[in-house]
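The values are calculated or read from the model by the stated rules, or taken from the named source; none is laboratory data. Since the model is a prediction, treat every value here as computed from it, not as a measurement. For neighbour counting, all protein chains shown are included, and Cβ atoms are generated from backbone atoms with ideal geometry for every residue, glycine included. The protein model used for the area step is the full one, side chains on, heavy atoms only, and it has no ligands, DNA or RNA in it. Shrake-Rupley method; radii C 1.70, N 1.55, O 1.52, S 1.80 Å.
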Amino acid sequence: MSLFARQMPAAPAWDAGDALGDAPEDVNEAFRRAQAILQKTFGYRDFRSHQESAIRALLGGRDAFVLMPTGGGKSICYQIPALVRPGTAVVVSPLIALMQDQVDALKSLGVNAAFLNSSVSWPEQIEIEKAVRAGVLDLLYVAPERLVQPRLLELLASTDIALFAIDEAHCVSQWGHDFRPEYRQLRILAERFPGVPRIALTATADEKTRAEIVRELALENAEKLVASFDRPNIRYRIAETGSMGARERLWRFIAEEHAGDAGIVYCLSRKQVEETADWLTSKGRTALAYHAGLAPEVRRSVQQRFLADDGLIVVATIAFGMGIDKPDVRFVAHLSLPKSIEAYYQETGRAGRDGEPADAWMAYGLGDIITQRQWIAQSEAGEQHKAVQRAKLDALIALAEAASCRRQLLLAYFNEQRAEPCGNCDNCLEPPDCIDGTVLAQKALSAVYRTDQRFGVGYIVDVLSGKVDERIVRNHHDKLSVFGIGRDVDGAQWRGILRQLVAAGHLVADGEGHGTLALSESARIVLRGEAPFMVRKPSASSRTRSESRKRSSRRNAAVPGLQENEVELYRTLREVRGQLARDANVPPYIVCHDRSLIDMVRLKPRTRDELKLVHGMGDARVTRYGGAFLEALSGAAKAS
């Protein structure tokens, strides 16, 4: 018996033969079948955002370009047409983890899916190729470099192809943070398979990147569907490191607001990743390190544990995350600045994919700004590329330094306007105080200039503070008029002033990595007082730590959408789901999402038909897992 025949569920509620037969001439009729699949297979009642438009385009044989935020349901846009159109849908995916996750989820729904990548053995590859030729495979996931190989192109040319889906399409952009050169070869699909509809999808692309995707993938005539970039369930919080270090701030945030929650912590370097993971573990949390320097089997193990376990923290470089489809990540933290708003948006978007409240938290300091700018200056890229990267970094710095609504600024970067402040970011919840810091800025710039622009932040702060230091005395800088001119301001505030001067471009760090500061041409405007220099006062929380603990304890104890007396049943159902997942050797969210469990608690279904009314509980899930959930619900009803 074929491997793929064994994977098909017994007696699906919808006719697989009809779904894979001749394509209907009437797109409306095809769309009615798509709606039936949405409800019976995926367990959802309605399409979201631009899903319907994308599906109609593919069912009509047209190309589409779809930009939706993470968690917006991009995969539905091609998975359902793959089940309606005849033939096999080919999905281009950049990462093994992403392929594995998508295929596991589809198999749990009774969909015949497979992937071809380096983890597949030769005998398995041969069997997958036989399934493609026989037309029994609904979806085939492949890496871009494999898809353009002659062997696979010849295989696809010998069979019916339902559609091509190019996921994570922003990887085609040479200006982007996830550039993959092999993505640019995918325009060959338009040339080799002109009658097969193609869809490109991404969650992160500014206007320049969108135009590049369309051009490089030959999608000029595609239907272009751009959803809102807003993720209203995510709370954006950005703090500058001051007297309290970034790690200590991180621990306070996790301990007070996310005790027991799953999360991701991003760091710039491999060393920082490993040290932070060890430090969090010493604090009592299960934290695993992930970076490209680890052995492949170690990285796979970390990914699998993160997907399967509740409450685990992964500390990682940017090598981790793309394709990790864990819906209940409750926080994403950055211990330093990312490279761009696109990177920040994509990485923070891995929180709260289930639509429930989540946090995007970041701590940064002057050293982050200097390091990022030095990396750009020292890179071997051309000057045009460096200019683009500097502009992207400056936009992120402006977001970090802003005193206004973070969400409005974030959306504006992607050319989306929000009329009112969001009420769900740090600046909206605790508006920072801004003061006219022109005099302070002039003192700081003067100190840099009069010490011959040869020293770093710490030295300048010591000079301003009047600290009698051996180096300062040896350099005769204790005799300067600026020595001690800032004794009335503490060191943390001076470091904040210097950080904001660097962020504004009035001070620049040397390109050699020594950390010395020098005046830029624009510093003259500040020194002459020709324009005010507004600064944020050092952040001080308006609530006490005890108030924060009360808020966080309520947040951790509560389950959104449920009353306090319903939480115990919810936890029982989570335990049932966990056991079902272990028995099936899949992550818990493959069995069902948290929202499905909340629906079960609220609706209290007693039969399989009633269970199908629960969000996300399609026919295959009810057939496989419904008995265990119904038994738990029945037991709880009797006990009450």
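Among the residues of segment 618-638, are any open to solvent by 60 Å² or more (accessible area, probe 1.4 Å) and outside any helix (DSSP H, G or I)? Before you say what the answer is, go through the steps one by one.
Start the filter on segment 618-638 by keeping residues that are open to solvent by 60 Å² or more (accessible area, probe 1.4 Å), which leaves 623-624, 631, 637-638.
Those left that are additionally outside any helix (DSSP H, G or I): none.
Looking for residues that are open to solvent by 60 Å² or more (accessible area, probe 1.4 Å) and outside any helix (DSSP H, G or I), one finds none in segment 618-638, hence no.
For residue 598, indicate whether it is more than 18 Å from residue 101 (Cβ to Cβ), among the aliphatic types (A, V, I, L, M) and either under 30 Å from the mean Cα position of the chain (by Cα) or open to solvent by less than 10 Å² (accessible area, probe 1.4 Å) (or both).
Details: more than 18 Å from residue 101 (Cβ to Cβ): yes; among the aliphatic types (A, V, I, L, M): yes; either under 30 Å from the mean Cα position of the chain (by Cα) or open to solvent by less than 10 Å² (accessible area, probe 1.4 Å) (or both): yes.
Considered against the rule, which asks whether it is more than 18 Å from residue 101 (Cβ to Cβ), among the aliphatic types (A, V, I, L, M) and either under 30 Å from the mean Cα position of the chain (by Cα) or open to solvent by less than 10 Å² (accessible area, probe 1.4 Å) (or both), residue 598 comes out as yes.
Go through 446, 481 for me and flag whichever is in a helix (DSSP H, G or I) and of a type in the set (Ser, Thr, Tyr). Even if it seems obvious, please write down each step before you answer.
On the way: 481 fails: in a helix (DSSP H, G or I).
Result: 446 is the single residue among 446, 481 that is in a helix (DSSP H, G or I) and of a type in the set (Ser, Thr, Tyr).
From the list 422, 428, which residue is assigned to a helix (DSSP H, G or I), surrounded by 14 or more Cβ atoms within 10 Å (Cβ to Cβ) and at pLDDT 90 or above? Even if it seems obvious, please write down each step before you answer.
Numbers: 422 fails: assigned to a helix (DSSP H, G or I).
Selected residue: 428, the only one of 422, 428 that is assigned to a helix (DSSP H, G or I), surrounded by 14 or more Cβ atoms within 10 Å (Cβ to Cβ) and at pLDDT 90 or above.
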All but one of (1) under 20 Å from residue 97 (Cβ atoms); (2) assigned to a loop (DSSP other than H, G, I, E, B); (3) hydrophobic (A, V, I, L, M, F, W, C) hold for residue 268, so report the exception by its number. (1)
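Pick out the one residue from 137, 155 that is modelled with pLDDT of 90 or more, in a helix (DSSP H, G or I) and open to solvent by less than 60 Å² (accessible area, probe 1.4 Å).
Numbers: 137 fails: in a helix (DSSP H, G or I).
Answer to the check: 155.
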Can you name the residue in segment 255-283 that is surrounded by 17 or more Cβ atoms within 10 Å (Cβ to Cβ) and in contact with a Gly (Cβ under 7 Å, 6 or more places away or on another chain) and, of all such residues, is modelled with the highest pLDDT? 264
Conditions: (1) among the polar types (S, T, N, Q); (2) modelled with pLDDT under 90; (3) open to solvent by less than 90 Å² (accessible area, probe 1.4 Å). Residue 465 meets all but one. Number of the miss? (2)
Hey, residue 416 hits all of (1) open to solvent by 50 Å² or more (accessible area, probe 1.4 Å); (2) part of a loop (DSSP other than H, G, I, E, B); (3) of a type outside the set (S, T, N, Q) but one; which does it fall short on? (1)
Can you name the condition, by its number, that residue 613 falls short on among (1) in contact with a Leu (Cβ under 7 Å, 6 or more places away or on another chain); (2) open to solvent by less than 20 Å² (accessible area, probe 1.4 Å)? (2)
Breaking point among (1) touching a residue at least 24 places away in the same chain (Cβ under 8 Å); (2) not in a loop (DSSP other than H, G, I, E, B), for residue 29: (1)
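Tell me, which helices (runs of 4 or more DSSP H) lie completely within segment 40-123 with 2 or more residues that are under 22 Å from the mean Cα position of the chain (by Cα) and surrounded by fewer than 24 Cβ atoms within 10 Å (Cβ to Cβ)?
Working: elements: 51-59, 76-84, 96-108.
Answer list for segment 40-123: 96-108.
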Taking residue 17 as meeting all but one of (1) open to solvent by 40 Å² or more (accessible area, probe 1.4 Å); (2) modelled with pLDDT under 90; (3) in a loop (DSSP other than H, G, I, E, B), write down the number of the exception. (3)
Filtered residue count, segment 596-607, keeping only those that are over 16 Å from residue 44 (Cα atoms) and either in a helix (DSSP H, G or I) or acidic (Asp, Glu) (or both): 2
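Can you give me the ranges of the helices (runs of 4 or more DSSP H) entirely in segment 288-393 with at least 2 residues that are of a type in the set (Ser, Thr, Tyr)? Please lay out each step first, then the result.
Working: elements: 296-308, 341-348, 366-378.
Fully inside segment 288-393 and qualifying: 341-348.
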If you go through segment 48-62 one residue at a time, do you hit one that is at pLDDT below 90 and closer than 20 Å to residue 223 by Cβ? yes
Yes/no for residue 483 being farther than 30 Å from residue 378 by Cβ and open to solvent by 10 Å² or more (accessible area, probe 1.4 Å): yes
Within segment 534-583, track down each residue that is open to solvent by less than 60 Å² (accessible area, probe 1.4 Å), hydroxyl-bearing (Ser, Thr, Tyr) and modelled with pLDDT of 50 or more. 570, 572
Strands (runs of 3 or more DSSP E) within segment 161-245 that include 1 or more residues closer than 30 Å to residue 424 by Cβ and in contact with a His (Cβ under 6 Å, 6 or more places away or on another chain): 198-202, 223-226
Taking segment 199-221 and keeping only residues that are open to solvent by 10 Å² or more (accessible area, probe 1.4 Å) and more than 16 Å from residue 411 (Cα to Cα), one is left with 211, 214, 215, 216, 218, 220, 221
Segment 366-380 residues that are under 15 Å from residue 507 (Cβ atoms) and open to solvent by less than 40 Å² (accessible area, probe 1.4 Å), paired with ones that are of a type in the set (A, V, I, L, M) and not in a helix (DSSP H, G or I) (beta carbon under 7 Å, 6 or more apart): 368/337; 369/337; 370/509; 372/337; 374/509
Farther than 27 Å from residue 496 by Cβ, without any contact (Cβ under 8 Å) to a residue 12 or more places away in the chain, out of contact with any strand residue (DSSP E or B) (no Cβ under 8 Å at 6 or more places or on another chain) and hydroxyl-bearing (Ser, Thr, Tyr) - does that describe any residue in segment 273-282? yes
Can you pull out the residues in segment 228-251 that are surrounded by fewer than 19 Cβ atoms within 10 Å (Cβ to Cβ) and either hydrophobic (A, V, I, L, M, F, W, C) or without any contact (Cβ under 8 Å) to a residue 60 or more places away in the chain (or both)? 244, 245, 248, 251
